[in-house]
1. If you average the sequence gap of Cα pairs under 8 Å that are 6 or more apart and divide by the length of region A:36-182, what percent do you get for the contact order?
2. In peptide A:6-17, how many Cβ atoms from other protein chains are near each Cβ within 10 Å, on average?
3. In 10 Å bins starting at zero, report the fraction of Cα pairs in chain A per bin as a rounded %.
4. Kindly provide the helix-only [θ] at 222 nm of chain A, computed as the sum of -39,500 (n - 2.57) over DSSP H runs of four or more divided by all residues, to the nearest 500 deg cm²/dmol?
5. Across bins of 5 angstrom width beginning at 0, how are the C-alpha pair distances of region A:54-117 distributed, in whole percent?
6. Whole-Hz ³J(HN,Hα) for each residue in region A:136-147, computed from phi via Karplus 6.51 cos²θ - 1.76 cosθ + 1.60 with θ = phi - 60°, x for glycine and proline: what do you get?
7. Please list, in chain and number order, the residues 5+ apart from A:A36 or on another chain whose amide H is under 5 Å from its amide H, with Hs placed from the backbone.
8. So which of A:K141/A:K178; A:K152/A:K183; A:K83/A:K110; A:K7/A:K141 end up more than 21 Å apart by C-alpha?
Amino acid sequence: MEKKTYKKLKGSQSFRLRLLLSTLTSTPVLIEDIRADDTWPGLRSHEISFLRLLETITDGCNVEINETGTKLKYKPGIVMGGKNLVHDCGVNRAIGYFLEPLLVLGLFGKKPLSIRLKGITNDPKDPSVDTFRLATLPILKRFDVQEGLDLKVESRGAAPNGGGEVLLSVPIVRDGLKAVMWKDVGMVKRIRGVTFSARVSVQFENSMRHAARGIFNRLLPDVHIFTDHKAGALSGKSPGYGISLVAETTSGCFLSADTAVSYGQRVEEGVFNDEDKNELTPPEEVGEHIASLLLGEIEQGGVVDSTHQGLLFLLCALCPRDVSKVRVGKLSPYGIESLRQIKEFLGIEFEIKPDPSTGTVNLICVGYGFTNLARKIS
Amino acid sequence: SRWKDSLKERIHLGKNKNLKQLIYGKSELKSTSSIDDAQGSSEDEESDEGEFFKPKGESNKNVREDFDGDNVNNDDCSRFSNHFDVTNWIEEEKYERIRDRFVTGDWSKAGRSGQDSD
């Protein structure tokens with residue numbers, strides 16, 4: 001029925017990024033062989049949920065999935081945005097999984113986006129909602145995203161049952177993003193963080209804070225880790241605790257590290273859960289571990305941490321036809337995958353120059369010249 | 001000595017080229033050693049036993065495959081936790097490695113963008 005040809009892709013890799021780029025460039029995609037050889041083939045429930053989310057915020061998109069779920073036809077619509085939207089993220093992946101693409105999509109909508117997301121707020125796999133608030137949003141501000149960018153954590157939800165809620169507001173960009181010249185890492189001037197505990201004693205937070213502070217003490221006095229103890233309805237459906245730390249540098253870079261601990265051994269489809277009891281990491285170790293991870297990110301010497309490389313590259317590629325220069329530490333697998341998908345959809349190849357003296361990698365690209373086509377012209 | 005310098009330079013040049021090719025795919029260059037350089041690779045662990053009965057799901061969990069993009073069903077996750085070893089920062093000399101990355105460190109050294117990291 002459609003005259004447009006579908007871009008043929010394979011496998012479940014970079015699922016979010018592919019659909020994101022497909023939507024922004026209005027390229028229909030046909031993804032085949034999605035976990036075709038797995039014991040449980042096909043799309044996972046979080047991927048279905050992401051497709052539902054796309055349907056919620058866009059208009060005129062069309063999703064077709066075959067019986068086994070190994071084949072997906074996606075015809076993108078126009079990003080509408082809008083207020084008072086609600087999406088249940090399920091409990092397969094944390095809210096962070098959905099926030100990452102949603103942030104970028106929202107920028108290119110017709111109206112500003114304001115959406116309530118329900119699910120798991122903190123888990124070890126995806127960036128926590130606190131990391132988003134403290135580190136991801138400042139990265140977007142670098143690209144000249146105006147006021148109105150906000151993430152409010154209303155209640156916590158740990159794995160396996162979730163129950164957390166966040167409220168995300170994303171403004172639209174009027175004339176596209178602004179290319180960045182972002183190579184100066186600067187020096188770390190302060191470390192901020194948030195610990196949370198839900199349905200466990202507040203003492204867990206004190207232990208995590210104390211342990212994390214112990215690591216930073218010899219390096220920097222300006223360390224503040226706030227606590228966020230939730231009780232009652234605001235604490236979600238499962239007990240858990242966790243910590244998110246962010247280092248801010250003199251040149252305005254935000255490097256993050258976070259994790260969460262809960263009883264949630266979520267049983268994913270396809271993975272047989274043979275260990276019925278998993279031991280929880282004690283809070284002291286969690287604090288020390290994340291503090292060490294953060295120091296590791298600082299040592300890397302990039303303007304963003306390893307988790308945000310993909311987002312950084314994507315934003316650079318979506319800039320107007322202008323040169324962006326950024327510096328990152330070692331390229332992460334997700335960062336590399338993002339570079340490949342950007343080339344696949346936008347045809348942009350980054351110029352990549354390793355800097356052996358500092359162990360960093362410099363990347364240069366010319367933006368795609370992306371403007372917000374969906375917005376209303378008044 | 002001088003002859004070594006030019007050699008070093010050439011190695012660096014070669015590396016630059018390879019990194020871009022590694023990412024954007026020139027399959028004939030896959031066997032270069034810089035793959036192992038870039039990520040502390042973790043193959044060779046599933047070498048000897050149980051080759052015959054190999055569960056299908058297990059074969060996906062290989063860092064090397066991640067990097068080469070051979071596996072089309074990679075997990076879609078932005079975090080990479082074993083990006084670097086979590087060093088034990090409590091030991092004093094480990095601190096010194098990144099001392100000048102902080103405002104409490106030496107500002108003049110930091111101006112030359114952290115040359116002490118290698």
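1. On the way: 287 pairs, mean separation 30.8, N = 147.
Averaging sequence separation for qualifying contacts and normalising by length gives 21 percent for region A:36-182.
2. Working: counts 0, 0, 0, 1, 2, 5, 6, 8, 4, 4, 3, 2.
Rounded to a whole number, the mean comes out at 3.
3. The calculated distribution, bin by bin, is 5, 23, 32, 27, 11, 1, 0.
4. Details: 8 runs with 97 residues, N = 378.
Mean residue ellipticity, 222 nm, calculated: -8000 deg cm²/dmol.
5. Computed distribution, short to long bins: 4, 16, 22, 23, 22, 9, 3, 0.
6. Result, ordered by residue: 6, 4, x, 5, 5, 5, 4, 8, 6, 7, 6, 4 Hz.
7. Distant-sequence amide H within range of A:A36: A:G42.
8. Numbers: A:K141/A:K178 10 Å; A:K152/A:K183 30 Å; A:K83/A:K110 12 Å; A:K7/A:K141 32 Å.
As for pairs spanning more than 21 Å Cα to Cα, those are A:K152/A:K183; A:K7/A:K141.
Readers should treat all values here as calculations from the given coordinates under stated rules, not as data from a laboratory. Treat the numbers as computed from the prediction; the structure is a model and nothing was measured. Quick reminder, even Gly has a Cβ in these numbers, built from the backbone with ideal geometry, and neighbours come from all protein chains shown.
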